[in-house]
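The values are calculated or read from the model by the stated rules, or taken from the named source; none is laboratory data. All values derive from a computational prediction rather than experimental measurement. So basically every Cβ, Gly included, is an ideal-geometry build from the backbone, and we count neighbours across all protein chains shown.
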Amino acid sequence: MPSLVALLLHCLPLAMGQYDICKSWVTTDDGPSWEFYACQPKAMRMKDYVTVRVDPAGITCGDPPERFCTHENPYLCSDECDASNPDLAHPPKLMFDTEDEGLATYWQSVTWRRYPEPLLANITLSWNKSIELTDDIVITFEYGRPTIMMLEKSLDNGRTWHPYQYYADDCMEAFSMPARRVRDLSTTSANRVLCTEEYSRWAGSKKEKNVRFEVRDRFAIFAGPDLKNMDNLYTRLESAKGLKDFFTMTDLRMRLLRPALGGTYVQRENLYKYFYAISNIEVIGRCKCNLHANLCTFREGSLQCECEHNTTGQDCGKCKKNFRSRSWRAGSYLPLPNGSPNACAAAGSAFGNCECYGHSNRCSYIDFLNVVTCVSCKHNTRGQHCQHCRLGFYRNSSAELDDENVCIECNCNQIGSVHDRCNETGYCECKEGATGPKCDDCLPNYYWRQGCFPNVCDDELLLCQNGGTCYQNQRCLCPAGFKGVLCQQPRCDADRKDCDAAPGARAGLGTLLLGALALQLRGWADL
Ligand SMILES: *[C@@H]1O[C@H](CO)[C@@H](O)[C@H](O)[C@H]1NC(C)=O
Ligand SMILES: *[C@@H]1O[C@H](CO)[C@@H](O)[C@H](O)[C@H]1NC(C)=O
Ligand SMILES: *[C@@H]1O[C@H](CO)[C@@H](O)[C@H](O)[C@H]1NC(C)=O
Ligand SMILES: *[C@@H]1O[C@H](CO)[C@@H](O)[C@H](O)[C@H]1NC(C)=O
Ligand SMILES: *[C@@H]1O[C@H](CO)[C@@H](O)[C@H](O)[C@H]1NC(C)=O
Ligand SMILES: [Ca+2]
């Protein structure tokens with residue numbers, strides 16, 4: 001079996017030939033020197049480097065021990081799952097082991113004894129490394145394939161997830177999606193996320209065991225049925241937006257949503273024949289090294305590119321220190337057949353010693369100042385070495401100077417702040433009454449209404465009088481008989497001649513003073 005896999009890998013078109021060396025020592029008219037090429041690691045069995053997580057807790061069978069039946073012979077329920085007995089346990093690691101011939105070892109879930117509550121399980125594979133698929137993902141189910149499941153993937157170590165493919169025996173019913181086949185996709189839809197019915201119908205539990213994510217069929221859209229025209233695929237991978245990323249991931253999740261039903265409806269009288277059992281998850285791919293490495297090694301529990309071209313990082317995603325006179329670029333498959341290495345260049349190799357921290361590709365000599373300076377600093381930087389942040393941005397203290405995220409936008413509130421600049425910790429300069437790092441809050445005794453204004457009324461000092469209520473600190477809502485900023489003045493109708501005298505007299509000195517203060521405050525607010 002292992003030799004068969006090796007043979008299989010050897011035959012994979014993406015595993016061999018092109019782009020397998022990063023440099024060679026060549027002799028030219030000027031003498032011997034290194035020549036550099038775009039390069040990538042070989043495809044590997046990625047299941048050997050994965051960590052797996054199965055959710056929810058308690059979904060793996062055998063604790064407590066449980067009996068299960070099969071669809072073929074539902075009344076012969078002789079099989080047992082017992083987590084405490086190594087011979088009868090079905091832990092997650094059996095999805096990734098190497099099997100002796102003819103003897104399937106598999107992870108198994110609990111049975112659907114809680115029906116009609118759905119039987120749900122998530123199986124999450126994490127590599128802690130970006131990998132690129134080079135062949136189909138094949139998931140092997142013993143005892144029947146799920147009638148509903150989906151694949152999701154993450155490109156950022158599980159922080160965000162995206163649907164990858166939907167599987168159902170009835171796509172419309174399960175996901176409100178029309179059923180499609182990857183074989184019917186075209187060059188413009190090669191990275192479409194679709195729902196397929198090809199891997200979910202009942203065909204006998206021993207006959208059709210595999211659920212596929214079809215990478216080869218998608219490659220074949222460009223490279224032809226036998227993947228003979230790989231050059232065309234490589235050209236497309238470079239030029240079609242999002243195509244490379246479509247085959248890239250750090251994590252993969254299987255969401256199992258409904259088990260195999262044996263081609264009929266759920267039979268409540270025997271729920272012990274419904275469960276999931278996965279014997280193998282084959283993921284063939286390579287480390288993503290941005291075409292700057294042809295080796296990827298497993299060190300300290302993680303895959304790691306052995307970066308060339310003076311790049312560094314887990315994915316060779318940046319230039320080594322002192323090799324940052326140009327901004328970092330991924331290598332390219334183009335031009336065919338050797339591609340471009342797009343190597344990082346030593347600081348000082350271009351013009352004197354002009355370091356631009358990777359924010360500029362160009363330096364220029366300014367004659368009358370006699371200095372070399374970086375031109376068109378990117379990533380919101382400025383300065384001779386792109387070492388400062390543009391106005392309106394501040395330095396991210398946890399980022400190095402060559403980080404793309406080194407400058408963070410100030411984001412000052414346009415109304416609450418004096419201008420759009422901020423200090424080194426991101427604090428903006430606020431107008432009177434405004435506060436907060438971005439000046440989008442008001443100080444106490446101020447209210448926000450397109451800027452901060454002093455309260456007209458409140459519950460403490462500026463109380464509305466005569467039963468008036470304070471509306472959002474902006475004005476008093478006065479009862480019918482009163483007016484004034486704090487409702488301190490009686491309203492005089494023609495037929496009420498005594499109104500000046502009565503309530504006003506009761507109001508007292510304090511109210512009048514407050515009224516005057518409020519009037520003055522309103523005067524400011526109107527300015
Ligand atoms: C599986 O993962 C999804 C997110 O991708 C989550 O919403 C769901 O609750 C999880 N299901 C289980 C059974 O843990
Ligand atoms: C993931 O990989 C990085 C870089 O190799 C390493 O520093 C980190 O410890 C790894 N994290 C886990 C959870 O293995
Ligand atoms: C990387 O830097 C070394 C010097 O440390 C140099 O000899 C080599 O040619 C550089 N490689 C590339 C691809 O620029
Ligand atoms: C600051 O830089 C670090 C390291 O690159 C990055 O993870 C973080 O997101 C940046 N912070 C902000 C606010 O952009
Ligand atoms: C930035 O301004 C805030 C608020 O005025 C202040 O607390 C902080 O110390 C200032 N930071 C620097 C580096 O000046
Ligand atoms: Ca197995």
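Annotations
- Scanning segment 429-457 for residues that are polar (S, T, N, Q) and farther than 18 Å from Cys410 by Cα gives Asn445, Gln450, Asn455.
- Qualifying position, being touching a His at 6+ places or on another chain (Cβ under 6 Å) and within 29 Å of Gly436 (Cα to Cα), among Arg390, Arg382, Arg395: Arg382
- Extreme residue, nearest to ligand 1 (Cβ to nearest atom), among residues of segment 106-125 that are among the hydroxyl-bearing types (Ser, Thr, Tyr) and surrounded by 18 or more Cβ atoms within 10 Å (Cβ to Cβ): Thr124
- For segment 302-335, the candidate set comprises residues that are surrounded by fewer than 16 Cβ atoms within 10 Å (Cβ to Cβ) and modelled with pLDDT under 90; within that set, the residue that is nearest to ligand 1 (Cβ to nearest atom) is Lys321.
- Residue ID - farthest from ligand 6 (Cβ to nearest atom), chosen from residues in segment 413-467 that are touching a strand residue (DSSP E or B) at 6+ places or on another chain (Cβ under 6 Å) and β-branched (Val, Ile, Thr): Val456
Here is a yes/no grid of residues against (1) more than 16 Å from ligand 2 (Cβ to nearest atom); (2) within 36 Å of the chain's Cα centre (by Cα); (3) surrounded by fewer than 18 Cβ atoms within 10 Å (Cβ to Cβ):
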{"position": "Gly426", "(1), (2), (3)": "yes, yes, no"}
{"position": "Gly436", "(1), (2), (3)": "yes, yes, yes"}
{"position": "Trp448", "(1), (2), (3)": "yes, yes, yes"}
{"position": "Asn455", "(1), (2), (3)": "yes, no, no"}
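- In segment 129-139, the count of residues that are touching a helix residue (DSSP H, G or I) at 6+ places or on another chain (Cβ under 9 Å) and within 16 Å of ligand 2 (Cβ to nearest atom) is one or more.
- Top-ranked residue of segment 48-63 - restricted to ones that are of a type in the set (Ser, Thr, Tyr) and either under 25 Å from the mean Cα position of the chain (by Cα) or within 16 Å of ligand 2 (Cβ to nearest atom) (or both), ranked as nearest to Cys81 (Cα to Cα): Thr51
Residues checked against (1) within 29 Å of Gln314 (Cβ to Cβ); (2) in contact (Cβ under 8 Å) with a residue 60 or more places away in the chain; (3) touching a strand residue (DSSP E or B) at 6+ places or on another chain (Cβ under 8 Å):
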{"position": "Cys81", "(1), (2), (3)": "no, no, yes"}
{"position": "Thr111", "(1), (2), (3)": "no, yes, yes"}
{"position": "Ser126", "(1), (2), (3)": "yes, yes, yes"}
{"position": "Ser130", "(1), (2), (3)": "yes, yes, yes"}
{"position": "Asp136", "(1), (2), (3)": "yes, yes, yes"}
{"position": "Cys171", "(1), (2), (3)": "no, no, yes"}
{"position": "Ser176", "(1), (2), (3)": "no, no, no"}
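Yes or no, residue by residue, for (1) free of Cβ contacts under 8 Å to residues at least 40 places away in the same chain; (2) more than 19 Å from Tyr166 (Cα to Cα); (3) among the hydroxyl-bearing types (Ser, Thr, Tyr):
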position: Asp251; (1), (2), (3): no, no, no
position: Asn280; (1), (2), (3): no, yes, no
position: Ile284; (1), (2), (3): no, yes, no
position: His292; (1), (2), (3): no, yes, no
position: Phe298; (1), (2), (3): no, yes, no
position: Cys316; (1), (2), (3): yes, yes, no
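- Of the residues making up segment 179-202, those that are polar (S, T, N, Q) and not in a loop (DSSP other than H, G, I, E, B) number 1.
- Strands (runs of 3 or more DSSP E) lying entirely in segment 385-455 (those with 2 or more residues that are under 29 Å from Gly313 (Cα atoms)): 393-395, 407-409
- Of all residues making up segment 390-421, the number that are surrounded by 14 or more Cβ atoms within 10 Å (Cβ to Cβ), free of Cβ contacts under 8 Å to residues at least 60 places away in the same chain and within 12 Å of ligand 4 (Cβ to nearest atom): 13
- Unmet criterion (only one of (1) in a helix (DSSP H, G or I); (2) at pLDDT 90 or above) for Ala505: (2)
- Residue match in segment 260-276 (condition: surrounded by fewer than 21 Cβ atoms within 10 Å (Cβ to Cβ), part of a loop (DSSP other than H, G, I, E, B), small (Gly, Ala, Ser) and under 24 Å from the mean Cα position of the chain (by Cα)): no
- Taking the criterion of being at pLDDT below 95 and loosely packed, with under 12 Cβ neighbours inside 10 Å, the residues of segment 87-105 that qualify are Asp87, Asp100, Glu101, Gly102, Leu103.
- Set side by side, the residues Gly339, Gly358 differ, and just one is within 14 Å of ligand 4 (Cβ to nearest atom), over 30 Å from Cys430 (Cα atoms) and buried (at least 20 other Cβ atoms within 10 Å of the Cβ), which is Gly358.
- Filter pass, Ser154 being modelled with pLDDT under 95, small (Gly, Ala, Ser) and under 28 Å from the mean Cα position of the chain (by Cα): no
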